[in-house]
Each structure stands twice: as structure tokens, then as C-alpha cells.
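Working notes, structure below.
None of the figures in this text is laboratory data; all of them are computed from the coordinates on show. Values in this document were obtained by computation on a predicted structure and should not be read as measured data. Note: ideal-geometry Cβ built from the backbone for every residue, glycine included; neighbour counts use all protein chains shown.
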Amino acid sequence: KAKVEGKGAVRCFKRELEEEYDARLVQESELAAAIDNGEITVVYQPIADLFTGQVLCVEALARWHHPQRGQVSPATFIPIAENSGLIDRLGEWILRAALTRAAQWPSSLQINVNLSPQQLISGRFPKVLANILRETGLAPSRVGIEITENIFVDFSESVLEQLTAIKAQGVRLVLDDFGTGYSSLSYLQMIDVDGLKIDASFLRQLPDHKVEAIIRTVTRLTADLNIHLVAEGIENVMQLQWLRGNGIHFGQGFLLGRPKDDPPVEWLDNLP
Ligand code: C2E
Ligand code: MG
Ligand code: MG
Ligand code: MG
């Protein structure tokens, strides 16, 4: 009897796997079509000077408006793209859309775009970036490429060469979500980043003496390295005041402004 049940369980498990597999296939084909059907858009969130409220930069963030499912989070569809080989096409589309848009803004405003580690597998990204910079006429110094510590999971000579090629074009390199992933300080020696974004999870734990020590240490580290520090995920006035009091100058978060379709303003007028 146990044997029969066992077989049944195996069959049932197999069916579940197949269904899961099918569901993923549907999403992949839907995502491929979504790029062509205009269901993907890009929104822009301000990164501002926390003391003056000047918007220095915006981060481009991808959105998927699914005709049936509604809004699909990039936390869901970016991994689908990464696991299906769609990320090169999607990433190129987002980069072109964002840089085309940024070329219409005042030249004081910079733009950051997220890069998946998987976009460095083919080796073509630096060329794609160069082409888009040429097409849009955007000054490379206005562009930042945000990478995460995941880039170091499969770090290779090719990845290092591509990051160097990106920097050689005059584009900024920013280490995103700093402190969450495979953070090893030695990575800061290997690649020449222009800035760090300390992950929102740290700010969310304020006030707490350990987290305060960590943020202060990262602040000191970036100052000594002479690179920028951006605090991610500022949601309330307490967090903003703590950052100001501890000499952190730049930040991003819902308190300053949510990601929006519209070109951002040059100054935040509602900054507490
Ligand atoms: P990320 O690069 O760290 O982007 C910041 C995320 O935090 C965004 O989520 C943003 O909307 C959210 N955020 C900003 N301020 C606050 C705040 O005050 N509170 C909270 N709770 N959240 C805040 P979003 O747009 O959902 O994107 C999630 C992640 O998906 C991004 O994290 C990034 O890793 C990835 N992603 C988004 N767009 C792209 C893209 O075009 N390409 C790639 N490769 N990844 C992308
Ligand atoms: Mg980012
Ligand atoms: Mg981030
Ligand atoms: Mg983050």
C-alpha cells in the first residue's frame, strides 16, 4: 500500500513541477511580447541633496502593466527575464528609453539605470551602452550604472573588463543595495566605483545602536574613498533627520518622491 501511495505522490509531485514549468513559460512568452506591445514603461525616482532638496539624479525603474494581471513588480519580472535570456533585450530597451528621456532634461540632472549581472554574460553590454550614448547624444558623465553585489557571485575576467570598459566611456558605476549581498570590502579594491547606495534595510532599523554604527562606518568609508553615498528608502522625517545629523548628504525614498512617469522637478519643495 505504501508503495502505491509512494507512486501516487511521485506522480503528483511531477505534475506540480510540470505546472510550475508551464506557468513560467507563459510568463516568459508574455514578457517577450510585453516589450513589443508597449506594456513595459520606465518611471523615475529622485535622488536628492538632503540639505538643499536639489534633485541631482533620478533612478530609472522598470514597470510592467500586464493587460490581465495589472501591475507586475520588477522584483517578479526582472528575475524571469534574467532566467530566460530575455534580460539583454529588456535591459537594452530600458536603457534606451531612459537615456532618450534624460536627453530632454536639464543637463544638471543625472540618470542611474540598473544593470543585471546576467547582462554581462554575452560581453556585448559596453558596446550597447556606447551605441545608446551616441544615439541619444547624452553626456556619459550624466549616466550612472547601478550594479549589485550579485555581480561578484560569478565574477570573472570578462566581468572586470566590461566594468572597466563602462567606466572608460565616462559613465559612473554605482554599487546598489550595499551591505546586503555578498558584501566583501575587498570588492571595493577590485572595481573602481563612483558611489555606494546603502540598502534600505539599514535605514528601516533606525533607531538601533548597531545599525547606527554600521551606517556611520559606511559613511566614513565612502568619505575616505572619496566616493558618493546615497541612503536608500527614506520614508519618514526621523530617518531624514538622523541622516542629516550624521553627515549623509544624498538620499532617495518615498518621503522625497515616489517613482513617476513625469520628468522630475529640479528642487523638492516639500522636503521637511
Ligand atoms: P533597486 O534598484 O534597489 O531600486 C529601489 C527600489 O526601492 C525600487 O523598487 C523603488 O521603488 C523602491 N523604493 C524607493 N524608495 C522607497 C521607500 O522609501 N520605501 C520603499 N519601501 N521602497 C522604496 P522597484 O521599482 O519595485 O524595483 C525593485 C528592484 O527591481 C530594484 O531595486 C532593482 O533591483 C530591480 N529593478 C527595477 N527596475 C530595473 C531595471 O530596469 N533593470 C534591472 N536590472 N533591475 C531593475
Ligand atoms: Mg537600483
Ligand atoms: Mg537599491
Ligand atoms: Mg534596494
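Between PHE254 and ASP224, the contour length at 0.36 nm per residue exceeds the Cα-Cα span by 7.9 nm. When the Gaussian network model of the chain links Cα atoms closer than 10 Å, the mean-square fluctuations of GLY38, GLY53, GLY123 top out at GLY38. Dipole check for the range 109-259: with +1 at the C-beta of Lys and Arg, -1 at the C-beta of Asp and Glu, and the Cα centre as origin, the magnitude is about 400 Debye. Just want the answer: with Cβ charges of +1 for Lys and Arg and -1 for Asp and Glu, which residue in PHE77, ILE94, VAL26 is farthest toward the dipole's positive end in the range 17-108? Highest projection toward the positive end goes to ILE94. Relative to the current alpha-carbon distance between GLU161 and ARG89, full extension at 0.36 nm per residue lengthens the span by 23.8 nm.
Over all Cα atoms in the chain, the spread is summed up by Rg and Dmax: 20.9, 75 Å. Note: relative contact order over the range 95-150, using C-alpha pairs below 8 Å and six or more positions apart, is 51 percent. Near the amide H of ASN114, within less than 5 Å, lie the amide hydrogens of ALA60, GLU146, all on another chain or at least 5 residues away, with H placed in the peptide plane. Neighbour counting of Cβ atoms within 10 Å sorts the residues GLU59, GLU30, fewest neighbours leading, into GLU30, GLU59.
At 18 Å minimum axial length over the Cα atoms and a Kyte-Doolittle cut of 1.6, report the qualifying DSSP H helices in the chain, or say none.
On the way: long enough: 2-36 (51 Å, -0.53); 87-102 (22 Å, 0.21); 209-225 (24 Å, 0.20).
Both cut-offs are met by no helix.
Between VAL211 and THR52, how many nm apart are label points set 7 Å from Cα along the C-beta direction? So the two model labels end up 3.0 nm from each other.
In the chain, how many lysine pairs have Cα atoms under 23 Å apart, counting only pairs 8 or more places apart or on different chains?
Values: LYS1/LYS14; LYS3/LYS14; LYS127/LYS167; LYS167/LYS197; LYS197/LYS210; LYS197/LYS260.
Lysine pairs meeting the criterion: 6.
Rounded to the nearest whole Å³, what is the per residue volume of the convex hull around the Cα atoms of the range 93-218? Output value, Cα hull per residue: 118 Å³.
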